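The values are calculated or read from the model by the stated rules, or taken from the named source; none is laboratory data. Since we're looking at a predicted model, the values are computed, not measured. Here the Cβ positions follow ideal geometry from the backbone for every residue, glycine too, while neighbour counts run over all protein chains shown. All accessible areas refer to the heavy atoms of the entire protein, side chains included, with ligands and DNA or RNA removed. Shrake-Rupley method; radii C 1.70, N 1.55, O 1.52, S 1.80 Å.
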Amino acid sequence: MQKKVSFHTLGCKLNFSETSSIAREFTDKGFEKVQFGEKSDIVVINTCTVTGIADKKCRQAIKKAKKTSPDAFIAVTGCYAQAETEKIAEIPGVDAVLGMNEKFNLFKYFSSFEKQKQAHIYSCEISEIQRFDSAFSSGDRTRSFLKIQDGCDYPCTYCTIPSVRGKSRSNTVAETVKQAEKIAELGFKEIILTGVNIGDFGSGNNETFFDLIKELDKVKGIERYRISSIEPNLITGEIIEFTAKYDKFLPHFHIPLQSGSDKILKLMKRRYNTDLFRNKIEKINQLIPDAFLGIDVIVGFPGETEKDFENTFKFLNSLNISFLHVFSYSVRPGTPAEDMPGKVSGKDIKRRSEKLHQLSDIKHNAFYGKFVGTKHKVLFESAKHGNSMFGFTENYIKTEVTYNENLINKIVDFQITGVNKKGNAEGIVI
Ligand code: SF4
């Protein structure tokens, strides 16, 4: 009897690429993949611990798995599993907890996936992790997330990621190109390069991120690459110039700023100041004027006064950017910021977050408005939403059209004619 397996992923694109790789091993071995929440024989939960809320959602996912599949073998892996291994193992119903180094080893330890009397733990100290495990997503979406790098060597004082993903390590350029070729063979046209600190790609192999993108550009079948989040100090002039010159690397950047106050950037131990950040943004504006610029910012970091926040607001307001990813500071156990003075009240965090969300809406609407009447290439996705389907232009404008299966996974010429009430671009395929 074919066993059913379901997967649930919390967190980032990197986690999605890894879950998808784990799922491929199950389906390659003849297991039937079903939706999370459907009754199944095995449930794999890939967790996140970037905030306290993420931890809570992981525990809720375990509860849901137990409720919907009471007899299932439940395996928990990922960042929260590495951070709180014992705690998760004590949750009744959990059969296996796999730390970061064991994420892809379920079949090494289990074959029939029968329910266990107690949870088995497979994990190690984060300092012991040296190996890079490659991964890419396939099946669920039209675009593929390709894991090119893992871990981080940066000392950001609010961040727990280095303590759960380990030191920075990456694939080689040659191996990454092979992965991209495999993804092309599967029929994907767009790849999103993902990792923890992707700009640090190759640091252990005497290679660089720039070396990588030059080689990826030559891969046949892949027509579009998006660079997911990249540190401001690592987005070099040559990367910007290359993206400006070569069509496959799309005019879309996601860059974490975190604060527009140099005082707070110092307390965060970030590796740049606002001058450097502004220079990078202005260089992109100059060489790639149509580029979409999504910026990460944290509100409520310990020590952030009203004045510091005003500086952040003014700084962001003065930049030609397209969207803000606004995060409320979440204290993480064991990080230096946990013991820093100047805790910001929940009320102030909420108010500051709302103010930046409003600013983001203004920037985003202005960005979309700028492109009404222009032509773009849109890759349409397979998912059907009511009568609609969605796709993204090169510069990350979300377009909405009436569902037409002939458009799935096609890159078509598209004329933007307006922006609808939902904030999506409308237009015609030409
Ligand atoms: S660069 Fe900083 S914020 Fe990003 S993963 Fe590394 S330590 Fe965390």
Give, rounded to the nearest 20 debye, the magnitude of the charge dipole that the chain has about its Cα centre when Lys and Arg contribute +1 at Cβ and Asp and Glu contribute -1 at Cβ. 900 debye
Which whole number in µm²/s is D for the chain by Stokes-Einstein, with the Kirkwood Rh taken over Cα pairs at 4 °C and 1.567 mPa s? 57 µm²/s
Please report, in debye to the nearest 20, how large the charge dipole of region 4-124 is about its Cα centre when each Lys and Arg carries +1 at its beta carbon and each Asp and Glu carries -1 there. 340 debye
Taking the alpha-carbon centre of each part, the distance from region 129-185 to region 342-358 in Å is 33 Å
Lys33-His325 pseudo-label distance in nm [points 7 Å out on the Cα-to-Cβ vector]: 2.3 nm
By the C-alpha gyration tensor axes a ≥ b ≥ c (rounded if a/c is under 1.5, else prolate when a/b exceeds b/c, else oblate), the shape of region 375-429 is oblate
Signed unit charges on C-beta, dipole axis of region 4-124, positive-most listed residue Val76, His120, Ala65: Ala65
Distance from region 277-314 to region 44-109 (C-alpha centre basis), Å: 35 Å
Enumerate cysteines in the chain without a disulfide-compatible partner, where compatibility requires another Cys Cβ under 4.7 angstrom. Cys12, Cys48, Cys58, Cys79, Cys124, Cys152
State, in angstrom, two size descriptors of region 135-363 derived from its alpha carbons: Rg to one decimal place and Dmax to the nearest whole number. 18.3, 53
Calculated P(r) of region 255-324 - Cα pairs past 19 Å, %: 29 percent
Read phi for every residue in region 143-160 and hand back ³J(HN,Hα) as whole Hz from Karplus 6.51 cos²θ - 1.76 cosθ + 1.60, θ = phi - 60°, with x for Gly and Pro. 10, 10, 8, 10, 6, 10, 8, 9, x, 7, 9, 7, x, 4, 6, 9, 9, 9
Heavy atoms of Phe31: accessible area, 1.4 Å probe, square angstrom to 10: 30 Å²
Share of carbon and sulfur in the accessible heavy-atom surface of the chain [1.4 Å probe, %]: 51 percent
Region 248-369: Rg/Rh from Cα coordinates, Kirkwood Rh? 0.98
Kirkwood estimate for region 177-250, i.e. one over the average of 1/r between Cα atoms, Å: 12.7 Å
Through the Karplus equation 6.51 cos²θ - 1.76 cosθ + 1.60, θ set to phi - 60°, convert the phi angles of region 407-414 into ³J(HN,Hα) values in whole Hz; use x for Gly and Pro. 8, 4, 6, 9, 9, 10, 6, 9
To the nearest 500 deg cm²/dmol, what mean residue ellipticity at 222 nm is calculated for the chain from DSSP H runs of n ≥ 4 alone, each contributing -39,500 (n - 2.57), summed and divided by the residues? -9500 deg cm²/dmol
